[in-house]
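Reviewing the structure listed below.
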Amino acid sequence: MREVTTRRYSEQLPVPLRALGVVVSAFMFTAFFVGGAILSWLVLPLVSLYMWRRSDKERILGFQRVVAPTYRLSMSSMRWFGSSTFNHNAYKLDLENPTVVIANHPTLIDTPAFLAVEPNLICIVKGSFAANMVFTRTLRYCGHVLADGAEEIIAQATDRLEMGFSVLVFPEGTRSPPGELGRLHRGAFEMAKQANVPVLPVVVTCSPPMLTHGVPWHRRPVPPASYELHPGQAASMSQWKGNSRKAATHHQEMFRGALAQPATAAA
């Protein structure tokens, strides 16, 4: 899936166009954070007054319906402003039944991209983003897993799977190294085993790289980056006799092959 291109970045453009690109990028980031704050501190608390008698699953689904248009608008705005070619309407994941969706994590927009395609996905949120006062309340309202420690994450994610949701996991645990793939951890496969649900791999490609480690937020590819999701074939953990290490190693090799990277053993 690696693509050889002659693309260039905004730094190579004339100064006026370069400045315009920075302004556009700053506007999109500002709108995302302002919109997130309005949702977290005004809209969703008001919606919760209407939802308080509902079951946990009904509340989560209700909040997800309210938030879903913001992810679609965010991804569409990147296309409208010439940052990315991604069109969420062109994708559909086979999530008729609860599934653990695993993906590589090359950019900052991976989670919004998946949620624009499948707004009822539950995500694993770790680190500073989970503690961000702008987004934490929205994440909790929508049922996403905010936890530290593998056991707590697996327990909460398994609970969501048993409720009937599908869960999105980036098994590397952080963003992928530019143009590469980090080691896959076993937590996603343990979730699938405990909840007795399949694993669906999705390879994410972005050419040229943007919004990744070592690439400034205002660095915009010209023409827009080709950002795509490549769903694979869902598989049951019984294929590896419930062995999460073997499942992780298999998917490590599968992802690296798809990304044209040499295979290494999984953690």
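Among DSSP beta bridges whose residues both lie in the chain, state the antiparallel percentage, nearest 5.
45 percent
The chain: Rg/Rh from Cα coordinates, Kirkwood Rh?
Across the chain, the Cα-based Rg/Rh ratio is 0.97.
For the stretch 99-226, what mean projected area does the convex hull of the alpha carbons give, in nm²?
8.0 nm²
What does a probe at ALA235 reach in the stretch 187-201, counting residues whose amide N is under 13 Å from the point 7 Å along Cα→Cβ?
189, 198-201
With only alpha-carbon pairs counted, each pair once and no self-pairs, how large is the Kirkwood hydrodynamic radius of the stretch 210-260 in angstroms?
14.0 Å
Where a ≥ b ≥ c are the square roots of the eigenvalues of the C-alpha gyration tensor, would you call the stretch 51-100 rounded, which needs a/c under 1.5, or, failing that, prolate if a/b is larger than b/c, or oblate?
Oblate shape, in that a/c is at least 1.5 and b/c is the bigger or equal ratio.
What net charge is computed for the residues neighbouring PHE170, neighbours being all others with C-beta under 13 Å from the C-beta of PHE170, Lys and Arg scored +1, Asp and Glu -1?
+1
Arrange the following residues from fewest to most other Cβ atoms within 10 Å of their Cβ: ARG53, ARG137.
Ranking ARG53, ARG137 by Cβ neighbours within 10 Å, fewest first, gives ARG53, ARG137.
By its C-alpha gyration tensor, with a ≥ b ≥ c as the square roots of the eigenvalues, how is the stretch 102-160 shaped: rounded for a/c under 1.5, else prolate for a/b larger than b/c, else oblate?
In terms of gyration-tensor shape, rounded.
Expected output is a single nm value to one decimal: the length gained when fully extending between LYS92 and THR136, i.e. 0.36 nm times separation in residues minus the C-alpha distance. What is it? Kindly include the intermediate steps, with their values, before the conclusion.
Working: separation 44, 0.36 × 44 = 15.84 nm, distance 2.72 nm.
In short, 13.1 nm is gained.
Just add up the charged neighbours of ILE60: K/R +1, D/E -1, any other residue whose Cβ is under 15 Å from the Cβ of ILE60.
With Lys, Arg at +1 and Asp, Glu at -1, the net is +3.
So for the stretch 9-258, averaging the separation of alpha carbon pairs under 8 Å that are six or more residues apart and normalising by length, what relative contact order in percent results?
For the stretch 9-258, the relative contact order is 23 percent.
On a full-extension model of 0.36 nm per residue, what is the gain between LEU108 and TRP41, subtracting their alpha-carbon distance, rounded to one decimal in nm?
21.8 nm
Between beta-carbons, use under 12 Å as the cut-off and find the net charge around PRO231, counting Lys and Arg +1, Asp and Glu -1.
Its environment carries a net charge of -2.
In whole Å, largest first, what are the principal axis extents of the Cα atoms in the stretch 21-137?
Computed over the Cα atoms, the extents are 47, 33, 27 Å.
Calculate, for ASN243 and GLU162, the FRET efficiency according to 1/(1 + (r/R0)^6) with r their C-beta to C-beta distance and R0 25 Å; round to the nearest 0.05.
E between ASN243 and GLU162, to the nearest 0.05, is 0.70.
Taking 0.36 nm per residue of sequence separation and subtracting the Cα-Cα distance, how much length would be gained by fully extending the chain between VAL215 and GLU151, in nm to one decimal? Walk me through the numbers on the way to the answer.
Values: separation 64, 0.36 × 64 = 23.04 nm, distance 3.30 nm.
Value of the extension gain: 19.7 nm.
Taken together, the values in this text are just the output of simple stated rules run on the coordinates, not laboratory data. Treat the numbers as computed from the prediction; the structure is a model and nothing was measured. Note that each Cβ is placed from the backbone with ideal geometry, even for glycine, and that neighbours are counted across all protein chains shown.
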